[in-house]
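I have placed the structure first, in the form of structure tokens, so that the comments after it can refer back to it.
The values are calculated or read from the model by the stated rules, or taken from the named source; none is laboratory data. Remember, it's a predicted structure, so these values are computed and weren't measured experimentally. Cβ sites come from the backbone with ideal geometry, for glycine too, and all protein chains shown count toward neighbours. For the accessible areas, the whole protein counts, side chains as well, though only heavy atoms, and no ligand, DNA or RNA atoms are used. Shrake-Rupley method; radii C 1.70, N 1.55, O 1.52, S 1.80 Å.
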Amino acid sequence: MTVPMRRLVVALTVCCALLAGATACGSGQTATRGTRAAVVVAATPSPSTSAERQKFAKTRFVVNAGLAAGATYQWIVKPAREGKFKKGAPGRKRALIKAGLAGAFSYNRLKAAVRNAKGDPALAKALAPLSAGIAGLKDLPAKLRKGGGSSDQAADSYNHVINQVKDAGRSQGAVVHNKVPTNSQLVTGAKS
């Protein structure tokens with residue numbers, strides 16, 4: 001019996017509040033315009049400040065660049081140093097498949113990191129000269145497949161670009177640490 005009584009009280013309170021609000025604003029046009037503007041301003045979410053956007057941009061930059069660095073080191077640089085890309089090496093096919101996925105993943109994450117860096121003017125300025133190097137990474141998986149010296153050069157190119165991105169971030173206070181992505185992140189991140 002108490003539940004229907006509570007519902008009645010709540011419904012009555014809401015109706016009275018709506019009626020009081022409507023009668024208070026209904027007499028003049030200027031009050032109506034002012035009230036509408038107040039309602040519109042209160043209903044729209046306020047954007048974050050430029051300082052917050054920059055902070056979040058740096059954070060997103062660090063995460064994306066860290067994932068790119070971790071994937072590059074784990075599945076491109078380390079296997080190249082171990083000679084897993086050379087013709088006739090045991091597990092070469094598997095290493096090449098992982099390196100191809102890691103290359104696509106790293107390329108996508110570096111592009112995302114560059115987009116994130118645009119939210120911070122100083123970071124964007126530091127990364128601007130690296131755009132050509134990042135774009136050049138797109139063709140390197142084919143060089144990895146060739147094996148021999150070209151795969152070592154491709155791994156060194158990836159590592160060099162990653163280190164440049166890390167240095168640019170560090171110079172602007174956004175220190176990037178390697179974060180190895182999971183296999184599912186590697187596969188889904190390579191497609192995006």
Practice problem: Rank by packing, highest mean first: peptides 58-70, 169-181, 109-121, with packing defined as the count of other Cβ atoms within 10 Å averaged across residues. | Solution: 58-70, 109-121, 169-181
Exercise. Find the lysine pairs in region 98-161 meeting two conditions, Cα atoms under 18 Å apart and a separation of 8 or more places or different chains, and report how many there are.
Key: 6
Practice problem: Report the calculated FRET efficiency for Ser150 and Asn178 (r = Cβ-Cβ distance, R0 = 25 Å), to the nearest 0.05. | Solution: 0.55
Practice problem: Evaluate the distance, in nm, between pseudo-label points positioned 7 Å from the Cα of Arg170 and of Arg94 along their respective Cα→Cβ axes. | Solution: 3.4 nm
Quiz item: By how many nm would the segment from Asp139 to Gln185 lengthen if fully extended, with 0.36 nm per residue of separation less the alpha-carbon distance?
Solution: 14.4 nm
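Out of the total accessible area of region 92-169 (probe 1.4 Å, heavy atoms of protein only), what percent is carbon and sulfur? If you can, show how the numbers build up before the last one.
Values: 2000 of 3690 Å².
Exposed carbon and sulfur together represent 54 percent of the surface.
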